[in-house]
Every structure is written in structure tokens, then in C-alpha cells.
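First comes the structure, then the notes that go with it.
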Amino acid sequence: MTNEQIAAVFDQIAELLALEDENVFRIRSYQRAAEVIRGLGRELAEIRAAGELEQLPGVGEAIAAKVEELLDTGDLQYLRKLQSRYPEGFLELLQVPGVGPKHAKLFLRELGVRNVADLRAAAEAGRIRQLPGMGARSEAKLLEALQNWNESQTRALLAEMLPLAEQMVQLLRGLPEVERADYAGSIRRGRETIGDLDLLATSQHPERVTTAFARSGALERVELAGDTKVSGLLPGGRQADLRVVEPDSYGAALVYFTGSQQHSIRLRERGQDLGLKVNEYGVFAEQDGVEGPRLAGATEEEVYAALGLPWIPPELREDRGELQAAEAGRLPQLITLHDIRCDLHLHSSYTDGADSIAALAEAARQRGYTHIGIADHSASLTVAGGIGEEQIAAQRAEVDRLNAQLRARNQRMRVLLGTEAEIRADGTVDLTPRIFELVDFVVGAVHQGFSADPDRMTARIIAALRTGMVDILAHPTGRLLLQRPAYAVHAAELVAAAVELGVALEINSSPDRLDLSDVNARLAVEQGALLTINSDAHNAANMDLIRLGVLTARRGWVEAPSVINTWPLRKLTAWLQARRQKKAKS
DNA sequence: GCCGTTTTCGGCCCGACTGTTTTCAGTCG
């Protein structure tokens, strides 16, 4: 079983235990274990083989035993037992906004509601309002939630939500009484998919802002509106939450609403140890349960400082060791968009790209880059109009002409020519070494035969790397977010091979790829792999997508020096030269 | 269920909002 599958089992156990009205801390243990497992770079099977399961944070004797059972049998008796107490599909009820374990069980017990369809029928028949603790209002809210449920239940891609978030922040900043406004939540942390949009504003009069926002029409439907909080649905059905606090609390609120929840919990626990209370309004001295004066709150830096920590970049706030690193003064110097000097995976109009090489070079120059790499599809990817040696030779001539022109105009921009080769099912590459008479570098990629099992896929890619023909491995795990699962290969083995062979692993910035993932990027960093962050743009405008790749890299604790896109052109070409010489010798 | 250079037992983050059971439980993040 994959880490993701095992994490999903623990999430399910947590939901079932909540139905059982179990101790909340026991429930939280399973949730925490699930999150820790999702954040692992290594596969659980490997960690188990090394006898290190119980060394994972949040994994003790009981959970370790369950991991082992899942790895050995692909099944878990404990889960089966819990599941057997509820109808199939019952847990889906908990996905309906406003329905928690208590109500779900009430519906089952009193009305025989077994799934979402039953619930809808009961609500439409007016039977919910007859239940103890429920009324006509509860029933109406439930019906409304059910109506919007389908459209809002899937997560959205980061790229889809970022513009929406920026738009909302602009709107908020334009409201009277608003002093500051920002987006927070998982979008500020740069997560690859986003569940809902968290917005934060400051004002001396929070209630005026929440009222104005609720009336602004920004939300298609307002679900909840209080003095400091508004929730509702954006056009398109995405959930949005606005919180408004006073300026003195801005930093504390930003920390809190940026999360992650686990990061917030760790901060509050740390506060407790120091005799401090941490909430979204600030850090307060606390004695015998009595809240003392506010020690921090206006800025994030101040809040972290009150807890004896340096400011932690939002992308790291996942409870994946960032507090320990901060305490030890070992936070990474995260790569920034500003560090990027080039984009090495661009498609031109020679194949399925929209723009000429010259247009791409100019777009890159405008972005402050000093060089780019064209990597059009090679001949065997016919669906993308892949090109053979003859056309690559024509590209070479054009690139040489263009570089001469750029030099003549004293423009600090150079074009490297690459090609995106196919890694075939047998682990060979659809090119011969002669290609290096024409191109400066080769990007290797798998575009077909994805259904192969992970063992075979891993062997296939590593074999391709061993040919020495591949300088950059594009979108290494082949996932497609919200479409195709993340584990097409054994990432850890792939990283090890890339390190051994000096191949750069790509963080592909396509919105539905972001591959390597944050977790795998971190694994690569820890193993000392070279990385490359590329847009994979098929037109000049999409070169801006590299921002997503940089966010993903930051989530993976990536620092600039290990990313070849941050290197000066001279260093990059020297690296490629050295690889060619090594290949020639072998 | 996990965790611990003050603990191997007794803790475990904190607050907003809603609807309804007039004092709070349920849900959410």
C-alpha cells in the first residue's frame, strides 16, 4: 500500500471514532498520524523495513502495528470492525457542511438515514425539524448545504484559486474601514490544491467590514455572518471565509489563519510550555489561567519572537519539523522567484507551442532572465507534433542566428537548445548520442504507458537515466493533480539514482502537475539532488506559471544553490559540458 | 493514542458562530 492509502485509512478511523464519541485526543492521534504520513518523503514500507516506524512523530506502538498490518495484508481488521457498525456510504454524510458525527448518528438512529441521498429525502420531507435539538432553521440550512455540496466538495488547483484570492484581497482593500487585507490559509502556504479561500482583514471596526463584505456581492451566497467572521460561497461554488480583527492582532491572526492547523497547535503548545497563551488575537502572559497583558500580536515576526522563534515562511508551516529547525536556527534560505535566471523547459511553435523561439526569448528577458532552454518534443511524441533530427537541425540554426543577434544588440539573453525526449517502455530514449551535435541538453520524460506498476516504472526511468542521455528528468512521478494518483514510481529510488548520476530532477510548474511534489522535492533536497524548476510553458504568457513551481519548491525546503535555474549561464553550460565529456568517456 | 532532561500517568490549542435544549452542544478551522 502507498503512504497515501495508509493515511486515508487513518483518516477514516478518525471519522469512525468520532461517530463512536471516542476521546477527542485519541481521534486526533489518528489524524495526526495521517498527516505525518502524507508528509513523508520515504515510503512506509522502507521505514518499516528499517525498523523506524515508531520513531516517526505521532506514531506509537498501536499505530505502528496498524501500519504493519496494512503493509502486510493490505487490510486492517480494526478498520473493518469499526466500519461494520455503520452502513456503507455513511461516512459521506460527514462531508456535508454542517453535519458532524453527532448529527449524522442522530439521523441514522432516529430516521434511518444511511447515506447522503437518504438525508436529502429526510430533509425534503420535513423530518429533520422534528428531531430533538433541530428546528426549521437547521433543516433549511441543511437543505442549502446539500444543494451546494456537489460543486464544493472537490478541491481546486492552486492556479485556479490564486487569481481569485488576489481579486478578493483587492476588493477587501477597497472597502472603507479596511486597513490591511491578505489571503491566508493553504493558499498562502502554497499548497498544490485548495479547499477553501481564507481571507483576513484588519479594521478598528471589524463589524462594519464584515457587514460591508457580506453585502458587497463578492459572495454568491452568504452562509454565516457575524461581527468578525463571514462565510459563504464564491461564484463557481468555492467556499470563502473572511475574518476581521483589530490591527494589534493582525500578525497573530495571520499566523493563526495561515495555519496549518497542526502548525498552530504546535505553536500554542509551545506557548503553554512558556506560560503563554496563543490565540488569533495575540500572545498573552498567562498566570493561573488568568489572561495577562498582550506580549505580541501586531506582526507575525513579533508573534514568533514572543515564542522564542524566528519568523517561519508560510510554505514551511506544515508541522514537518519547521519548529525544531527554527529553534535550532537552521531554517532553510528558501529559493525565491527572484533567484530564477532561466526556464529550461519551453515549447516553441516548432511543435505544440504557440510562440516563436524569439518571442519566448524576449518574454524571458522581460522577466529578468538571462537565458532560456527550448525543449520541444522529440519525434516519437506524435500527438504533440514532435520533431526529428532534420527539424532540430533547423532549430539549431535559428537559435544560433538569434543568439548572434542578441549578442549584436548587447542584450543579456541567450538561448540554449534542448529537446524533450521520450523515455520508452523498455528504458531506452528515442534519441542517439549524435543528438548532442545539435542540442545543448536533453530533457527526458515519460508520456505514455503510465499504467505500468510502480516497480516497472521506476526501473524503466532509472534505466533511461543510466544511458547518460538525460540531463533533466521532467515531471518525474507523472501525477496529474485531481486526476491521476501521485504514486506512479518509487520516488525515493528515483531520487537516489538521480543523485548518483547527476541528473537534475524537475519541479514542473504546470498547474495540474507540480511534480516533483513538495514532499518529494524535500526528499530530493535531503539526498543532495540537483533540481530544476521549469514552467513547461507552451506560450510566452505561461512562463509565469513558474511561480507555482517556486512555491512548491519552497514547500520542499529547497534553497537556490541546488536549483540549476539559479546558476549563471556559464556555470550551467559548464555542467552540461562536463556531462557530455563523462558520457563520451563511458 | 501519543508523549515526557521537572512526568511512564495525566495531560493533550483555542475561539467564532449557529440554533435552540434558557446555559450550551455541535461544527468548523
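The values are calculated or read from the model by the stated rules, or taken from the named source; none is laboratory data. None of these values were measured; they are calculated from a predicted model. So basically every Cβ, Gly included, is an ideal-geometry build from the backbone, and we count neighbours across all protein chains shown.
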Top-ranked residue in the stretch A:58-99 [being touching a Lys or Arg at 6+ places or on another chain (Cβ under 8 Å) and among the aromatic types (Phe, Trp, Tyr); ranked as surrounded by the most Cβ atoms within 10 Å (Cβ to Cβ)]: A:Phe90
Among residues of the stretch A:135-178, those that are surrounded by 17 or more Cβ atoms within 10 Å (Cβ to Cβ) and free of Cβ contacts under 8 Å to residues at least 24 places away in the same chain, counted: 1
First in the stretch A:199-225 and within 12 Å of DNA strand B (Cβ to nearest atom), second anywhere and among the acidic types (Asp, Glu), Cβ under 7 Å, 6 or more apart: A:Leu199/A:Asp241; A:Leu200/A:Asp182; A:Pro206/A:Asp227; A:Pro206/A:Glu246; A:Glu207/A:Asp227; A:Val209/A:Glu177; A:Thr210/A:Asp227
Positions within the stretch A:169-197 being assigned to a loop (DSSP other than H, G, I, E, B), modelled with pLDDT under 95 and within 12 Å of DNA strand B (Cβ to nearest atom), in sequence order: A:Gly195
Matching residues in the stretch A:363-391 - criterion: being at negative phi, at pLDDT below 95 and more than 28 Å from the chain's Cα centre (by Cα): A:Ser378, A:Ala379, A:Ser380, A:Leu381, A:Thr382, A:Val383, A:Gly386, A:Ile387, A:Gly388, A:Glu389, A:Glu390, A:Gln391
From the options A:Ala159, A:Ala145, residue that is assigned to a helix (DSSP H, G or I) and within 11 Å of DNA strand B (Cβ to nearest atom): A:Ala145
Any hit, the stretch A:373-393, residues being of a type outside the set (Asp, Glu), crowded, with 17+ Cβ neighbours inside 10 Å and either assigned by TED's automatic domain parsing to the domain that holds A:Val36 or closer than 30 Å to A:Gly259 by Cβ (or both): no
Residues of the stretch A:536-556 classified as buried (at least 23 other Cβ atoms within 10 Å of the Cβ) and not charged (D, E, K, R), total: 10
Extreme residue, nearest to the chain's Cα centre (by Cα), among residues of the stretch A:243-274 that are more than 7 Å from DNA strand B (Cβ to nearest atom) and of a type in the set (Val, Ile, Thr): A:Thr258
Residues located in the stretch A:226-240, provided they are more than 9 Å from DNA strand B (Cβ to nearest atom) and not charged (D, E, K, R): A:Gly232, A:Leu233, A:Leu234, A:Pro235, A:Gly236, A:Gly237, A:Ala240
Residue pairs meeting the criteria (Cβ under 7 Å; at least 6 apart or on separate chains; first of a type in the set (D, E, K, R), in the stretch A:557-571; second at pLDDT 95 or above): A:Glu559/A:Pro332; A:Glu559/A:Gln333; A:Glu559/A:Leu334; A:Glu559/A:Ile335
Subset tally (residues that are of a type in the set (A, V, I, L, M, F, W, C) and without any contact (Cβ under 8 Å) to a residue 40 or more places away in the chain) for the stretch A:398-414: 2
Residue list for the stretch A:351-369, restricted to those being buried (at least 18 other Cβ atoms within 10 Å of the Cβ) and either outside any helix (DSSP H, G or I) or of a type in the set (Lys, Arg) (or both): A:Thr351, A:Gly353, A:Asp355, A:Tyr369
Extreme residue, nearest to DNA strand B (Cβ to nearest atom), among residues of the stretch A:275-312 that are under 33 Å from the mean Cα position of the chain (by Cα) and acidic (Asp, Glu): A:Glu280
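Per-residue answers, yes or no, for (1) surrounded by fewer than 16 Cβ atoms within 10 Å (Cβ to Cβ); (2) within 30 Å of A:Gln324 (Cβ to Cβ); (3) aliphatic (A, V, I, L, M); (4) assigned by TED's automatic domain parsing to the domain that holds A:Ala140:
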| residue | (1), (2), (3), (4) |
| --- | --- |
| A:Leu199 | no, no, yes, no |
| A:Gln204 | yes, no, no, no |
| A:Val209 | no, no, yes, no |
| A:Ala212 | no, no, yes, no |
| A:Arg215 | yes, no, no, no |
| A:Glu223 | no, no, no, no |
| A:Ser231 | no, no, no, no |
| A:Arg243 | no, yes, no, no |
| A:Gln262 | no, yes, no, no |
Enumeration of residues in the stretch A:481-533 that are assigned to a strand (DSSP E or B) and more than 24 Å from A:Ala45 (Cβ to Cβ): A:Ala504, A:Glu506, A:Ile507, A:Asn508, A:Leu530, A:Leu531, A:Thr532, A:Ile533
Boolean, A:Ala491 is crowded, with 19+ Cβ neighbours inside 10 Å and either in contact with a helix residue (DSSP H, G or I) (Cβ under 7 Å, 6 or more places away or on another chain) or not assigned by TED's automatic domain parsing to the domain that holds A:Val429 (or both): yes
Boolean, A:Arg120 is touching a residue at least 24 places away in the same chain (Cβ under 8 Å), surrounded by 15 or more Cβ atoms within 10 Å (Cβ to Cβ) and not in a loop (DSSP other than H, G, I, E, B): yes
